[in-house]
Amino acid sequence: MAAPITPCSSPSSSSSLAFPSEFNLCKPRNCCFSNWVSHVCPRIRTRTHFQIKTSNGHPLNAVSMQGGMDGSPLAKGINPEKEEDFFIDISDGEEAHSTLSITVVGASGDLAKKKIFPALFALYYEDWLPENFVIFGYARTKLTDEELRNMISRTLTCRIDKRANCEDKMEQFLKRCFYHSGEYSSEEHFAELDNKLKEKEAGKRSNRLFYLSIPPNIFVDVVRCASRKASSAKGWTRVIVEKPFGRDSESSAELTRCLKKYLTEEQIFRIDHYLGKELVENLSVLRFSNLVFEPLWSRNYIRNVQFIFSEDFGTEGRGGYFDNYGIIRDIMQNHLLQILALFAMETPVSLDAEDIRNEKVKVLRSMKPLELEDVIIGQYKGHNKGGRTYPGYTDDSTVPSNSITPTFAAAALFINNARWDGVPFLMKAGKALHRKRAEIRVQFRHVPGNLYKRNFGTDLDKATNELVLRVQPDEAIYLKINNKVPGLGMRLDRSDLNLLYRARYPREIPDAYERLLLDAIAGERRLFIRSDELDAAWSLFTPLLKELEAKKISPELYPYGSRGPVGAHYLAAKYNVRWGDLGGDDD
Amino acid sequence: MAAFSSMHCPPPYSSSINGGKNRSFIFSASPRFSVPAKAKVFVQSPGNSHQNAVLMQDGAVAAKVSPVEKETPIEKLKGDLLSVTSSKEWDEETGFDINENESTVSIMVVGASGDLAKKKIFPALFALYYEGCLPKHFTIYGYARSKMTDAELRNMVSKTLTCRIDKRENCGEKMDEFLKRCFYHSGQYDSEENFAQLDKKLKEHEGGRVSNRLFYLSIPPNIFINAVKCASMSASSGNGWTRVIVEKPFGRDSESSAALTKALKQYLNEDQIFRIDHYLGKELVENLSVLRFSNLIFEPLWSRQFIRNVQLIFSEDFGTEGRGGYFDHYGIIRDIMQNHLLQILALFAMETPVSLDAEDIRNEKVKVLRSMRPLQLEDVVIGQYKSHTKGGVTYPAYTDDKTVPKDSLTPTFAAAALFIDNARWDGVPFLMKAGKALHNKRAEIRVQFRHVPGNLYNRKFGTDLDQATNELVIRVQPDEAIYLKINNKVPGLGMRLDRSNLNLHYAARYSKEIPDAYERLLLDAIEGERRLFIRSDELDAAWSLFTPVLAELEEKKIIPEYYPYGSRGPVGAHYLAARYNVRWGDLGVEQSA
């Protein structure tokens, strides 16, 4: 059943009235790294802020986006700000005249407590937030500022390597946190919030960021209220939304259409927090700043690519939301597909958000929609191990006992372009598996005419090179190579050329949410999903999802804590692939 | 031959018997590298003046057809090579097991009281014995001028024997057993009579079995020929093979080297001569071909299209220390560059050989050497260390060594730029650097890749990423390692790049002790595996690259640039590198990493 998205009957307001989304922003106070460093801000070219004021509210598709980028006089004309002088303009003096207000809508929710507030605190601690900022929690619960602070303070932590002044900093941070109680669909309540914000802003140029940490069925209401009543008058207003972005092409398009009634494309920041992961960020660096990888990055050398996500726990009593979506929508269609697009895209013209997203869209649009026979679905069942009983998915009291929602899926995708024709891109995602892992595996072809193959017993075709980017846990990059075992005689084995982050970089790696919040504040859209990307992503998965549901395909059951349904192996075998994570030599 | 070695050494066929857990992967060197008869035939030209490279290679190809009757009857009998030539080698070799019990190997260390013998050869032989790599029947004879009893030799040898760290059990016992197989014979190096006496003693030990004899010449070059003559005339095996291992120096220029080869060939066939270059026996040099040819990811990058330059670096952190007499006559270029570094270069740069057979590999190496321009004087920097006082300790200059003439101009350091004028490597500088008395001990290969064309990250960042190109480092010694320097995002907010390493540190990955190069080479010589030994035509080609510049250096009495003992060497090396737009990888800001 479709996610209940309130149909957006646009009440009267002229939808062309988009917020002036001006840039003005974060020069973090301490931009003090030396030459090798350049933090986010200077990278941002304001090319990202030309505005496409679509008065009709239709989502822009990829073609028009890309066309618009280059040719549209709109792009040049509308925004008076210039690229080059942008950051120079924001002197510290000017910063003193502007403020940033971050409103966490749904402040009492789990995500807010576990991720958003801690990320904001980390940014504050590391001096990435502008000098004048306030944080507002907004939710229906009645809370005082003090109660909110009390609630937040329990989840704040300092980085391991930066404990000095931690308490002090927390105090200061909490003093900037406020609470406003209100209904999500009440313009009146948002108007009250606006008043409070104005007070804090004290006449300064104000920028406002809304983080919607609420269920999807009230997205549009909140956006309407916030945009009408609590937009910044003379700064920018941006809204961060989290998945789910609909549950198929139609509902996603509908959501986009509704959002666009109140927001312009560039005010919408669709978060995919996997794009904020360290190693996903590093993927482009590896490819484009090293000579040794790019020549190998094509069907000539790469045999297959694997995107693997696994969790070692199930829904654990919180299956209500999940059951309506399933693992394909929850992980594959967004996180894994986004990583795939980044992995496979052509070299962008520049690192600007629009250039990167243009390339990602091209990949998505070159892909074949997924076929039913290229997908395996599974669902975990109860399992007894060592005297403990692990529940099956349908044992979850929030899940219907006849649910056939997949908690595991494997799929083979193909990109029909010159670079990747014929290379299988395999995805695998599952809950309640034997371990927690997210990784990208690139398996290279065998060595043509391998000199060593003839003479050795082993099939070197099975010992091909493999590049592994382990996104979590224990971030690492390693390249499996064939090597001579030291000693007399000639024995080969696979060993790793290896970069374990923990060993090389003792600093704590920031949470994905920190990066994404910072980018949203900075107006850096590189890691957020554009409407046309979203459309393209849905159009790959929608036919399959519909077919699965229409035909009521039963998932293959697998025991809780196992390696998942064996069907995944047969799917891989069909394309002559072997899963890299379940081999003999584990990882 | 091959058969017995594979029996005793980590065995290819008997995995279950040995129960070694990785045995299925193991093959001892020989069965894989069948040495075809062609190897021996084309060198059958006693009395010829030395053959040049062209003839050699042509010969090698043509030789397939050459009839075997050219071979000496001795070799024909138990042709080590004959058996292996068969395409059904495995079956046939297993069949050899019976014969194997009947055959013996006698290893004569000529110059047994010398330093190399004590430090390297006897310990290597013991290690092979310990690992079960020597055949069942073997005898070791020390030969030298000093008067010594067997017991005295054993006593001397025993002082330098050690067991591998991971194999201490029964060590004492094994040593005893090994020493019981060691004997001594005293004689002059140029006396056929004395060698005939040795022959008698050997026959006693061989007890009528098929006898194979390996002579290891650990003696000064001026008596090479005499010893070879006597050994071959009076102490060759009657019914097995006879091989001779010789060590550098192989002459000191093209002419003297050719003369030496010619003289050797009066008494030996090419395939009896095993010219050792012990760098070729180093683990990571062996691994170089494995890396290139058994991984997909390196070979596409292995050309001028992606590689900017290659550096071959050798350094020692000590000087001649009172033993400069020999060295002064040769200098660092002859001692290290013309052989060790050049051999590594040839292996690095060669085209893919047809197979891993010795002749195929050596053919490719010769092609590289012959595609190279002879070294020019302006592409060479030479240096000599001078004394230096540090922390109260005074380190002597080269010329302070009593065994070195006061006015010696012999280089103890040299850097050179070489070029291979073929399609793969045109324009890529191959830099070599070798020196004594430097700040560290190191042997490594560094491959610097080109910069990323149109680097997206270049524009926006302060650093010049052209200087942070990828680099592949193969560290041969100490602390064997392979690592690839890559640009990586520093974890954290913002975008900061740095160079980190994709790393394979041998000590961490492989707990086993890495065998000494001499073990591998001795074993190969016993097995008749010639891959790691230098063929005459290779030697000629190598000398012809260096001879002109060596002559010019000496003729013009070029003064070396002096550098302090323990320093990083003469700065001239940097200017030489700069001329070809190269930066030494080992002396960067981020030291050695």
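Since every read-out is calculated from the coordinates, none of them should be taken as a lab result. All figures in this text were calculated on a predicted structure; none of them were measured in a lab. Here Cβ is always computed from backbone atoms with ideal geometry, including for glycine, and neighbour counts include all displayed protein chains.
The charge dipole of the stretch B:323-469, taken about its Cα centre with unit charges on the Cβ of Lys, Arg, Asp and Glu (plus for the first two, minus for the last two), comes to roughly 480 debye. Each residue of the stretch A:489-500 was assigned a 3J(HN,Hα) from its phi angle through the Karplus expression (A = 6.51, B = -1.76, C = 1.60, θ = phi - 60°), giving x, 10, 10, 9, 9, 8, 10, 10, 8, 9, 9, 9 Hz with x at Gly and Pro.
Scanning residues 5 or more positions from B:LEU438 or on other chains, those with amide H under 5 Å from its amide H are B:GLU316, B:ASP317, B:PHE318, B:GLY566, with H placed 1.01 Å from N in the peptide plane.
Remark: mean inter-chain Cβ contacts per residue of B:285-292 equal 4, using a 10 Å Cβ-Cβ cutoff to other protein chain atoms. Within the stretch B:149-216, the trypsin sites (Lys or Arg not before Pro) that combine a DSSP coil assignment with at most 11 other C-beta atoms in a 10 angstrom radius are B:LYS159, B:ARG168. 3J(HN,Hα) along the stretch B:482-489: 10, 8, 10, 7, 10, 8, 9, 7 Hz, from the Karplus curve 6.51 cos²θ - 1.76 cosθ + 1.60 with θ = phi - 60°, whole Hz, x for Gly and Pro.
What does the C-alpha gyration tensor say about the overall shape of the stretch A:490-549? Classify as rounded when a/c is under 1.5, otherwise prolate if a/b is larger than b/c, or oblate. Since a/c reaches 1.5 but b/c is at least a/b, the shape of the stretch A:490-549 is classed as oblate. With just the Cα atoms defining each centre, how far is the stretch B:322-365 from the stretch A:560-579? Give it in Å. The stretch B:322-365 and the stretch A:560-579 have Cα centres separated by 50 Å.
From the square roots a ≥ b ≥ c of the eigenvalues of the alpha-carbon gyration tensor of the stretch B:468-567, which class results: rounded (a/c under 1.5), prolate (a/b over b/c), or oblate? Oblate, because a/c is 1.5 or more while a/b does not exceed b/c. Does the stretch B:391-514 come out rounded, prolate or oblate, given a ≥ b ≥ c as the square roots of the eigenvalues of its C-alpha gyration tensor, rounded meaning a/c under 1.5 and, failing that, prolate meaning a/b above b/c? Prolate, since a/c reaches 1.5 and a/b exceeds b/c.
Restricting the stretch B:523-593 to trypsin sites (Lys or Arg not before Pro) that sit in a DSSP loop and have at most 11 other Cβ atoms within 10 Å of their own Cβ leaves B:LYS556, B:LYS557.
Residues whose amide H lies under 5 Å from that of A:LYS381, counting only those 5 or more places away or on a different chain, are A:TYR393, A:TYR558, A:TYR560; hydrogens are built 1.01 Å from N in the peptide plane. Determine the alpha carbon to alpha carbon distance for each of A:LYS196/A:LYS261; A:LYS243/A:LYS360; B:LYS265/B:LYS433; A:LYS453/B:LYS365; B:LYS136/B:LYS180 and list only those over 23 Å. Beyond 23 Å: A:LYS196/A:LYS261; B:LYS265/B:LYS433.
The H on the amide N of B:ILE307, modeled in the peptide plane, is under 5 Å from the matching H of B:ARG450, each at least 5 residues off or on a different chain.
Among the listed pairs A:LYS260/A:LYS431; A:LYS428/B:LYS512; B:LYS248/B:LYS441; A:LYS113/A:LYS385, which are separated by more than 30 Å between their Cα atoms? Flagged as over cut-off: A:LYS260/A:LYS431; A:LYS428/B:LYS512; A:LYS113/A:LYS385. Note that the stretch A:178-183 has calculated 3J(HN,Hα) couplings of 9, 10, 9, 9, x, 7 Hz, one per residue in order, obtained from phi through the Karplus relation 6.51 cos²θ - 1.76 cosθ + 1.60 (θ = phi - 60°); glycine and proline are x.
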